[in-house]
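K.L.:
Here it is: the structure, laid out below.
The values are calculated or read from the model by the stated rules, or taken from the named source; none is laboratory data. Bear in mind the structure is a predicted one, so any value in this text is a computation, not a measurement. Cβ coordinates were reconstructed from backbone atoms using ideal geometry, including for glycine residues, and neighbour counts include every protein chain displayed.
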Amino acid sequence: MAIIVPDGNEIRIDQVRALQESAVLKPGTGRWLIFILDPADRLNQSSANSLLKILEEAPSHVVFILLARETGAILPTVLSRSEIVRFASPAPAEIRTALMQRHALSAEVAARCCALSGGRFGQALVLAQAALPDFPQPGLKHSHTEFLIEIESASRYWQDIFLAARSMEEALRYAARPCHEFFIPLLVSRREFCRSLAMTAGLPTAFPMLFADMLIDRLDSAARAMQKGFDALLADAKKAYPAAVIKEFEGTIDSLLSGWSALQLEETLLCLLNWYADALKVASGTDETLLLNLDHKEDIITLAEIDGIALLRARIELLEKSVGLLRRHVQPVLIVENLITQIGGLEP
């Protein structure tokens, strides 16, 4: 089995070509060769067209599994040659109930774990067994600073892990971990920042531009600092491997850690979207058990009353569009600045 993940922000054509070369080989053991593309909606136009060729004439011993949050971003010709299997995520109420039953959590703690996970059951289970840090100083003034600080803390955390790598192969496995695992203090600070931003009545005129610059700069600096965790290993590897191999290794590490930076931006937008989605549910008269951020129910009710259905829908549409722009590599600083400007408004 092989798992193909984005090289940076995309699954690139050279990755698909390598997949094609592997797919024509007979399995060494077992009956099947299985290739998982995760997420398949990160295929670019060229790589999707290249994949299409082997999907049309797939060897009988090969299974391709394409994972995606939604089908809209996948090339229609690829979809037409696929069998679509839909997996429904558990509802927030189901997640909270499961956490209380499995880990004997209080309703309050279960609600917080569910909300921090963004509705991802696997993450919620991990959080249920962790010590969750408190956020003692609410409000945008403190939360945006804390969010930036925890990005740096996450970078140091991963650097320490990377230092344990003893081989190039092990280093590549370690470098992929930040995109698949999470640093709990960063998760907590990001959610509080998004809550504070959604609840703030008005922002200083310069805040969107200044914060967007600081956020992108902090993420870029964090990724560069994380790369330093591999410096000692690279120095040793340069004595044993050709320059071309070292260059490819460095490129792969850089791509994986750049992917982490892009993921943090996307997760921030999705976290903010969850607050507005909850507010829209309340404004539409939905049962409160369907809320993701149930532990901040009063904030959600206030947001619903202030913004109303039409504005909440517009904000959700703006966030969804912004996520799409991020995935198409539009300048992230412009996306963040525009988003915060439109959501925050100006101080009265």
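K.L.:
Would you mind telling me which numbered condition in (1) modelled with pLDDT under 85; (2) surrounded by fewer than 22 Cβ atoms within 10 Å (Cβ to Cβ) Leu256 fails?
P.N.:
(2)
K.L.:
Please find, within the stretch 121-152, the residue that is nearest to Met214 (Cα to Cα) out of those that are surrounded by 15 or more Cβ atoms within 10 Å (Cβ to Cβ) and small (Gly, Ala, Ser).
P.N.:
By that ranking, first place goes to Ser143.
K.L.:
What's the total number of residues in the stretch 159-182 that are in a loop (DSSP other than H, G, I, E, B) and surrounded by 12 or more Cβ atoms within 10 Å (Cβ to Cβ)?
P.N.:
Here is the first cut: in the stretch 159-182, the ones in a loop (DSSP other than H, G, I, E, B) are 163-167, 180-182.
Adding the requirement that they be surrounded by 12 or more Cβ atoms within 10 Å (Cβ to Cβ) leaves 163, 165, 182.
The qualifying residues number 3.
K.L.:
Checking the condition without any contact (Cβ under 8 Å) to a residue 40 or more places away in the chain, over 30 Å from Lys297 (Cα atoms), of a type in the set (Lys, Arg) and part of a helix (DSSP H, G or I), which residue from Arg156, Arg224 passes?
P.N.:
On the way: Arg156 fails: without any contact (Cβ under 8 Å) to a residue 40 or more places away in the chain.
The match here is Arg224.
K.L.:
Sticking with this structure for a sec: For the stretch 28-50: of the residues being of a type in the set (S, T, N, Q) and surrounded by 16 or more Cβ atoms within 10 Å (Cβ to Cβ), which is nearest to the chain's Cα centre (by Cα)? Reasoning before the result, please.
P.N.:
Of all residues in the stretch 28-50, those of a type in the set (S, T, N, Q) come to 29, 44-47, 49-50.
Narrowing the set further to residues that are surrounded by 16 or more Cβ atoms within 10 Å (Cβ to Cβ) leaves 44, 47, 50.
Details: Asn44: 18, Ser47: 22, Ser50: 26 Å.
Top of the filtered list is Asn44.
K.L.:
Among the numbered criteria (1) crowded, with 16+ Cβ neighbours inside 10 Å; (2) in contact with a Lys or Arg (Cβ under 8 Å, 6 or more places away or on another chain), which single criterion is violated by Leu99?
P.N.:
(2)
K.L.:
What helices (runs of 4 or more DSSP H), lying completely within the stretch 231-348, carry at least 3 residues that are not hydrophobic (A, V, I, L, M, F, W, C)?
P.N.:
On the way: elements: 231-237, 243-283, 297-327, 332-344.
Answer list for the stretch 231-348: 243-283, 297-327, 332-344.
K.L.:
Does Ala201 fit the bill of being part of a helix (DSSP H, G or I), of a type in the set (A, V, I, L, M) and in the same structural domain as Ile335 (by TED's automatic domain parsing)? Even if it seems obvious, please write down each step before you answer.
P.N.:
Working: part of a helix (DSSP H, G or I): no; of a type in the set (A, V, I, L, M): yes; in the same structural domain as Ile335 (by TED's automatic domain parsing): yes.
Considered against the rule, which asks whether it is part of a helix (DSSP H, G or I), of a type in the set (A, V, I, L, M) and in the same structural domain as Ile335 (by TED's automatic domain parsing), Ala201 comes out as no.
K.L.:
Restricting attention to the stretch 264-276, does a residue exist that is among the hydroxyl-bearing types (Ser, Thr, Tyr), closer than 17 Å to Phe193 by Cα, out of contact with any strand residue (DSSP E or B) (no Cβ under 7 Å at 6 or more places or on another chain) and in the same structural domain as Arg173 (by TED's automatic domain parsing)?
P.N.:
Pass one, the stretch 264-276, residues among the hydroxyl-bearing types (Ser, Thr, Tyr): 268, 276.
With the extra rule that they be closer than 17 Å to Phe193 by Cα, the set shrinks to 268, 276.
Filter once more, keeping what is out of contact with any strand residue (DSSP E or B) (no Cβ under 7 Å at 6 or more places or on another chain): 268, 276.
Keeping just the survivors that are in the same structural domain as Arg173 (by TED's automatic domain parsing) gives 268, 276.
So far as the stretch 264-276 goes, yes, one or more of its residues are among the hydroxyl-bearing types (Ser, Thr, Tyr), closer than 17 Å to Phe193 by Cα, out of contact with any strand residue (DSSP E or B) (no Cβ under 7 Å at 6 or more places or on another chain) and in the same structural domain as Arg173 (by TED's automatic domain parsing).
K.L.:
On to the next question. Go through the stretch 205-253 and report how many residues are surrounded by fewer than 17 Cβ atoms within 10 Å (Cβ to Cβ) and in contact with an Asp or Glu (Cβ under 7 Å, 6 or more places away or on another chain).
P.N.:
1
K.L.:
Without any contact (Cβ under 8 Å) to a residue 24 or more places away in the chain and at positive phi: does that describe Gly308? So that I can check it myself, show each step before the final result.
P.N.:
Working: without any contact (Cβ under 8 Å) to a residue 24 or more places away in the chain: no; at positive phi: yes.
No.
K.L.:
Could you tell me which of the residues Leu197, Leu215, Leu187, Leu269 is in contact with a Ser or Thr (Cβ under 7 Å, 6 or more places away or on another chain) and modelled with pLDDT of 90 or more? Before you say what the answer is, go through the steps one by one.
P.N.:
Details: Leu197 fails: in contact with a Ser or Thr (Cβ under 7 Å, 6 or more places away or on another chain); Leu215 fails: in contact with a Ser or Thr (Cβ under 7 Å, 6 or more places away or on another chain); Leu187 fails: in contact with a Ser or Thr (Cβ under 7 Å, 6 or more places away or on another chain).
Unique residue meeting the criteria: Leu269.
K.L.:
When you check Leu55 against the structure, is it assigned to a helix (DSSP H, G or I), surrounded by fewer than 18 Cβ atoms within 10 Å (Cβ to Cβ) and in contact with a strand residue (DSSP E or B) (Cβ under 8 Å, 6 or more places away or on another chain), yes or no? Show your work before the answer.
P.N.:
On the way: assigned to a helix (DSSP H, G or I): yes; surrounded by fewer than 18 Cβ atoms within 10 Å (Cβ to Cβ): yes; in contact with a strand residue (DSSP E or B) (Cβ under 8 Å, 6 or more places away or on another chain): yes.
When the stated conditions are applied, Leu55 passes them.
K.L.:
Can I ask one more? Output the number of the condition that Ile246 fails; it satisfies all remaining conditions of (1) under 30 Å from Ile306 (Cα atoms); (2) β-branched (Val, Ile, Thr); (3) free of Cβ contacts under 8 Å to residues at least 60 places away in the same chain.
P.N.:
(1)
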